[in-house]
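Asks: Please see the structure below; I have some questions.
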Protein chains: 2
Amino acid sequence: MLAGEIMTKAGELFYERGYGATSIRDIAEAVGISSSTMYHHFTNKQEVLFAIVSNFMSDFVEATVPGLRDRTRTPTERIRDCVRTHLRFSEERRPELLVGNPIRYALNAEQQRTGIGFQQTYHDAVREVIEEGCATGEFQVEDIDVTTMAVLDMLNGVREWFRRPGRLTLDEIIGRYQKLVLGLLVNRRLGGRPRSPAG
Amino acid sequence: MLAGEIMTKAGELFYERGYGATSIRDIAEAVGISSSTMYHHFTNKQEVLFAIVSNFMSDFVEATVPGLRDRTRTPTERIRDCVRTHLRFSEERRPELLVGNPIRYALNAEQQRTGIGFQQTYHDAVREVIEEGCATGEFQVEDIDVTTMAVLDMLNGVREWFRRPGRLTLDEIIGRYQKLVLGLLVNRRLGGRPRSPAG
């Protein structure tokens, strides 16, 4: 798929040099195609950016949301899996995240709406699991909306600072974040079912 | 101070239109000065951006770090104050945060180092309070470095979604985040001194 190859190379260039410093001609050169072949697939740089962002977000939602909605499993199990998938996915497809790039300013209003739609789907699925966990008594949170944002911000923050190789492996980070997130959701100060200290 | 006025207007333009879409001439026009007066203070747009960013960060460090280092108060009290100051400062000076702008790509290497230096000073002060709290038994965390990053990411995340007026006031958000952050730091699963449920 030439479109896929263009997106991969463009993503790498945006990630290395920044979106603003990359021209559509740079992308064509990196792929090894002519500008006219390039324009056959994408009419401008913004379209390439949007294709990368929406492809990433659509895959991310597909990887996380069905598990979050799987009511055969407990909210705790689903949150634990969600933390793992979120962090693993963000790391494995790091270039597509385009950290530091002015994606918000570069996309047009309709493209931004599509992106926000994917974010909302994921956000809502996480929120629902937290709500379910509160209903079953597994979780105790003061404010479901605020706690959902705190959890998502914590998980999204990792991409900004985690680098391999480092002091910790990705799996070690995942283990620590599973406990941190559950620590936010199981706030014994707010009451809830008593548990053993090992609970 | 004309330099200060230039920084304020430039910050507003960067925030509204994006850094890339704002020219130095736009800034001069917004302030109501000629380009040559403008160039007397800043030789290019990058310098204006750096002045805004470093001024903000220097003030932020001044507002937070002395309190974090005040050993006459408990780690819990210092964290609680730090959450308040962090969130209040970020909200009151929101335009200077330039959310969504490609600051990393726009600054040169030396300017980036200065910015990272401020971030590091704040990070280290937060980390030390968490370490002290673990030493006194007030906090129990599995991994001080990872928990520090989680706390900072949670607090930095708020600027991306909090808007006034909304369901919650800034003070309500602050109250919730004080509890969420202390929830991360007081992880009863990891042991520590027993407390009453109201502790």
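The values are calculated or read from the model by the stated rules, or taken from the named source; none is laboratory data. Values in this document were obtained by computation on a predicted structure and should not be read as measured data. For neighbour counting, all protein chains shown are included, and Cβ atoms are generated from backbone atoms with ideal geometry for every residue, glycine included. Only protein heavy atoms, including side chains, enter the accessible area calculation; ligands, DNA and RNA are left aside. Shrake-Rupley method; radii C 1.70, N 1.55, O 1.52, S 1.80 Å.
Asks: Only one of these conditions is not met by A:Tyr19: (1) open to solvent by less than 40 Å² (accessible area, probe 1.4 Å); (2) in contact (Cβ under 8 Å) with a residue 24 or more places away in the chain; (3) more than 14 Å from chain B (Cβ to nearest Cβ); (4) farther than 24 Å from A:Val129 by Cα. Which number is it?
Replies: (3)
Asks: Does the range B:5-24 contain at least one residue that is closer than 30 Å to B:Asp81 by Cβ and aliphatic (A, V, I, L, M)?
Replies: Yes.
Asks: Report, by residue number, each residue of the range A:126-143 that is without any contact (Cβ under 8 Å) to a residue 24 or more places away in the chain and away from chain B (no Cβ under 14 Å). Step through it out loud before you land on a result.
Replies: Here is the first cut: in the range A:126-143, the ones without any contact (Cβ under 8 Å) to a residue 24 or more places away in the chain are A:127, A:131, A:134-135, A:143.
Within the range A:126-143, A:Glu131, A:Cys134, A:Ala135 qualify.
Conditions (1) closer than 26 Å to A:Gln119 by Cβ; (2) within 16 Å of the chain's Cα centre (by Cα); (3) not in a loop (DSSP other than H, G, I, E, B), marked per residue:
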| residue | (1), (2), (3) |
| --- | --- |
| B:Gln112 | no, yes, yes |
| B:Gly117 | no, yes, yes |
| B:Ala125 | no, yes, yes |
| B:Glu142 | no, no, no |
| B:Asp153 | yes, yes, yes |
| B:Gly157 | yes, yes, yes |
| B:Glu160 | yes, yes, yes |
| B:Val181 | yes, yes, yes |
| B:Leu184 | yes, no, yes |
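Asks: Could you list all residues from the range A:1-56 that are in a helix (DSSP H, G or I), under 23 Å from A:Gly115 (Cα atoms) and among the small types (Gly, Ala, Ser)?
Replies: If the condition is that a residue be in a helix (DSSP H, G or I), under 23 Å from A:Gly115 (Cα atoms) and among the small types (Gly, Ala, Ser), then A:Ala3, A:Gly4, A:Ala10, A:Gly11, A:Ala51, A:Ser54 are the ones that fit.
Asks: Show the residue pairs that are 6+ apart or on different chains and have beta-carbon atoms under 6 Å apart, the first residue being within the range A:144-172 and within 9 Å of chain B (Cβ to nearest Cβ) and closer than 28 Å to B:Lys179 by Cα, the second being outside any helix (DSSP H, G or I) and open to solvent by less than 60 Å² (accessible area, probe 1.4 Å).
Replies: From residues that are within 9 Å of chain B (Cβ to nearest Cβ) and closer than 28 Å to B:Lys179 by Cα, the pairs are A:Thr147/A:Val141.
Asks: Check B:Glu110, B:Glu91, B:Glu132, B:Glu96 and return the single one that is surrounded by 18 or more Cβ atoms within 10 Å (Cβ to Cβ) and either touching a helix residue (DSSP H, G or I) at 6+ places or on another chain (Cβ under 6 Å) or within 30 Å of A:Leu97 (Cβ to Cβ) (or both).
Replies: Working: B:Glu110 fails: surrounded by 18 or more Cβ atoms within 10 Å (Cβ to Cβ); B:Glu91 fails: surrounded by 18 or more Cβ atoms within 10 Å (Cβ to Cβ); B:Glu132 fails: surrounded by 18 or more Cβ atoms within 10 Å (Cβ to Cβ).
Every option except B:Glu96 fails the conditions.
Asks: Quick one: which residue in A:Asp70, A:Asp81 is in contact with a helix residue (DSSP H, G or I) (Cβ under 7 Å, 6 or more places away or on another chain), at pLDDT 95 or above, open to solvent by 20 Å² or more (accessible area, probe 1.4 Å) and not in a helix (DSSP H, G or I)? Step through it out loud before you land on a result.
Replies: Values: A:Asp81 fails: not in a helix (DSSP H, G or I).
Selected residue: A:Asp70, the only one of A:Asp70, A:Asp81 that is in contact with a helix residue (DSSP H, G or I) (Cβ under 7 Å, 6 or more places away or on another chain), at pLDDT 95 or above, open to solvent by 20 Å² or more (accessible area, probe 1.4 Å) and not in a helix (DSSP H, G or I).
Asks: Which condition breaks for B:Glu62 when tested against (1) open to solvent by 50 Å² or more (accessible area, probe 1.4 Å); (2) charged (D, E, K, R); (3) more than 30 Å from B:Glu131 (Cα to Cα)?
Replies: Evaluating B:Glu62 over (1) open to solvent by 50 Å² or more (accessible area, probe 1.4 Å); (2) charged (D, E, K, R); (3) more than 30 Å from B:Glu131 (Cα to Cα) leaves (3) as the failure.
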